[in-house]
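Undergrad: A single structure is presented below for examination.
The values are calculated or read from the model by the stated rules, or taken from the named source; none is laboratory data. Predicted model, so just to flag it, every value in this text is computed and none were measured. Every residue, glycine as well, gets a Cβ built from its backbone with ideal geometry; the counts of neighbours run over all protein chains shown.
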Amino acid sequence: MSRPRALAYFWATLGLLLTYTPLLPTNNRLALGAELVLKTAGVVLNGPGLMAISGTLGYLVVCSLPGRLAAWLVTLLLLEPILRWIEGPRNQSPLCEPAELERRLTRRTFLVTGSGLAAGALLSSYGFCVERRKVQLEQYLLSLPDLPPELEGLRLVVMADWHCGPINRPGDLHPAVVLANRCRPDLVLMPGDFVSSVAHFGEAAQLASQLRPRVPGGVLLGWGNHDHWNDLDVGNQEMSRAGCQILTNRAVFLNHRRELDRSGKSGLWLCGLDDLWAGSPDLIKTLSPLPQQQPRLVLSHNPDLAEERSGARVDLLLSGHTHGGQVRLPALGSPVLPSRYGQKYTSGFVQGPSYPVYVTRGVGVGGIPIRLGVPPEVTLFELRQGPGTAVQRTRLV
Ligand SMILES: [Fe+2]
């Protein structure tokens, strides 16, 4: 790498890191204390990811034709005159020696690369400071076969991937909880990844305790890979204390009176499977005891489970895990997805070979702490009886 280009990378990266920390929002008045230390630690830990994404975005900007034109324009109209003014009149002779010309070209390369990286840093800053906090509500009518008439109009909110930790602070995630309550849900279903570090299960429990489903005990959750990697004993303790029901290879029944029960003649099963990567999901054990003619929704953190063939009836898997890819690039889609099946299970409703699955984009961020073109999501389903599983976009709130 040439020296000017290396310098451009260095200054863009340093500027990026120096920009993020003071821009982080404050959640309480003690922002200058432990809160800020946590946030700063989070930024530093994620520094390599931030640098990589900023560099990639900057590279794409200077490589694409419109991006290159914009970079040249900024360079010629803004940066060059500033540098000339700084250098003074002695270097502004129209006649240039070859060495001088080479120096100017090198400087131009530096400026073009630098402005591209600055654009990348700007996009990353937007993804970190703005878009990852702009939670959106996705609303659907969900048709299920064999749904009892008494359960028509039942409202389910689905949320996943809070990833409570140094980056996803309670203040960042609380708007999603408020939005969920605004939907007046009967049940709240959460397919995993509540934390990014074990020290934050308490914060996840605090947030979960603020959910207000109309059905008593109606916050149901399954674990994700990150929950497993951060001590499930603590997770079980904290989330149970918050009033959540933990469904690990287990099912509960919502009867026609909209009460949670062990079983019944008419109602809807709500099942939870263990995580595919870090746990032991057992479809047969969980689903085979259920009466075949009764509908069932299944929480599975990882949507890849839709490819597993068990023969059991599943009307809809509810998943998260992919975060919608977090970053969507024009023509390329989401370059990083934790799935064995490429971009198939990025987000939304997908018909898998074994089961239909709805993949929510999640609320928090993991890995690279930005979202671009993939805002956080809270999902609201209102249930209908239908001949098969189908979703239809609508407006309910
Ligand atoms: Fe996740």
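Undergrad: Do you know which of the residues in the stretch 238-262 that are in contact (Cβ under 8 Å) with a residue 24 or more places away in the chain and polar (S, T, N, Q) is farthest from Ser280 (Cα to Cα)?
TA: Going through the qualifying residues, I end up with Gln245.
Undergrad: Just to be sure before I move on: is Val188 of a type in the set (Val, Ile, Thr), under 25 Å from Leu276 (Cα atoms) and either surrounded by fewer than 22 Cβ atoms within 10 Å (Cβ to Cβ) or free of Cβ contacts under 8 Å to residues at least 60 places away in the same chain (or both) in the structure I sent?
TA: Considered against the rule, which asks whether it is of a type in the set (Val, Ile, Thr), under 25 Å from Leu276 (Cα atoms) and either surrounded by fewer than 22 Cβ atoms within 10 Å (Cβ to Cβ) or free of Cβ contacts under 8 Å to residues at least 60 places away in the same chain (or both), Val188 comes out as yes.
Undergrad: From Val178, Val158, Val215, grab the single residue that is buried (at least 24 other Cβ atoms within 10 Å of the Cβ) and of a type in the set (Val, Ile, Thr). Step through it out loud before you land on a result.
TA: Details: Val178 fails: buried (at least 24 other Cβ atoms within 10 Å of the Cβ); Val215 fails: buried (at least 24 other Cβ atoms within 10 Å of the Cβ).
After applying the criteria, what remains is Val158.
Undergrad: Right, something else. Tell me whether the stretch 328-336 contains one or more residues that are within 15 Å of the ligand (Cβ to nearest atom) and in contact (Cβ under 8 Å) with a residue 12 or more places away in the chain.
TA: Residues of the stretch 328-336 that are within 15 Å of the ligand (Cβ to nearest atom), as a first pass: 334, 336.
Add one more test, that the residue is in contact (Cβ under 8 Å) with a residue 12 or more places away in the chain, and what stays is 334, 336.
Yes, because at least one residue in the stretch 328-336 is within 15 Å of the ligand (Cβ to nearest atom) and in contact (Cβ under 8 Å) with a residue 12 or more places away in the chain.
Undergrad: Considering only the stretch 110-147, state which residues are closer than 27 Å to Asn181 by Cα and either assigned to a helix (DSSP H, G or I) or basic (Lys, Arg) (or both).
TA: Selection gives Gly127, Phe128, Cys129, Glu131, Arg132, Arg133, Lys134.
Undergrad: Within the stretch 218-232, which residues are within 16 Å of the ligand (Cβ to nearest atom) and buried (at least 24 other Cβ atoms within 10 Å of the Cβ)? I'd like the intermediate steps shown before the answer.
TA: Restricting attention to the stretch 218-232, the residues satisfying the condition of being within 16 Å of the ligand (Cβ to nearest atom) are 221-230, 232.
Selection gives Leu221, Gly222, Trp223, Gly224, His226, Asp227.
Undergrad: Filter the stretch 148-202 down to the residues that are away from the ligand (no atom under 16 Å from the Cβ), among the charged types (D, E, K, R) and not in a loop (DSSP other than H, G, I, E, B) and list them by number. Lay out the reasoning, then the answer.
TA: Quick first cut of the stretch 148-202, residues away from the ligand (no atom under 16 Å from the Cβ) only: 148-157, 169-171, 174-175, 177-188, 199, 202.
Now restrict to residues that are among the charged types (D, E, K, R): 150, 152, 155, 169, 182, 184, 186.
Once the filter is applied, which keeps residues that are away from the ligand (no atom under 16 Å from the Cβ), among the charged types (D, E, K, R) and not in a loop (DSSP other than H, G, I, E, B), the stretch 148-202 yields Glu150, Arg155, Arg182.
Undergrad: Here is a list: Leu221, Leu211, Leu207. Which entry is in contact with a helix residue (DSSP H, G or I) (Cβ under 8 Å, 6 or more places away or on another chain), outside any helix (DSSP H, G or I) and within 18 Å of Arg182 (Cα to Cα)?
TA: On the way: Leu221 fails: within 18 Å of Arg182 (Cα to Cα); Leu207 fails: outside any helix (DSSP H, G or I).
The unique qualifying residue is Leu211.
Undergrad: Right, something else. Which one of these does Leu337 not meet: (1) within 25 Å of Pro166 (Cα to Cα); (2) touching a helix residue (DSSP H, G or I) at 6+ places or on another chain (Cβ under 9 Å); (3) at pLDDT 95 or above?
TA: (3)
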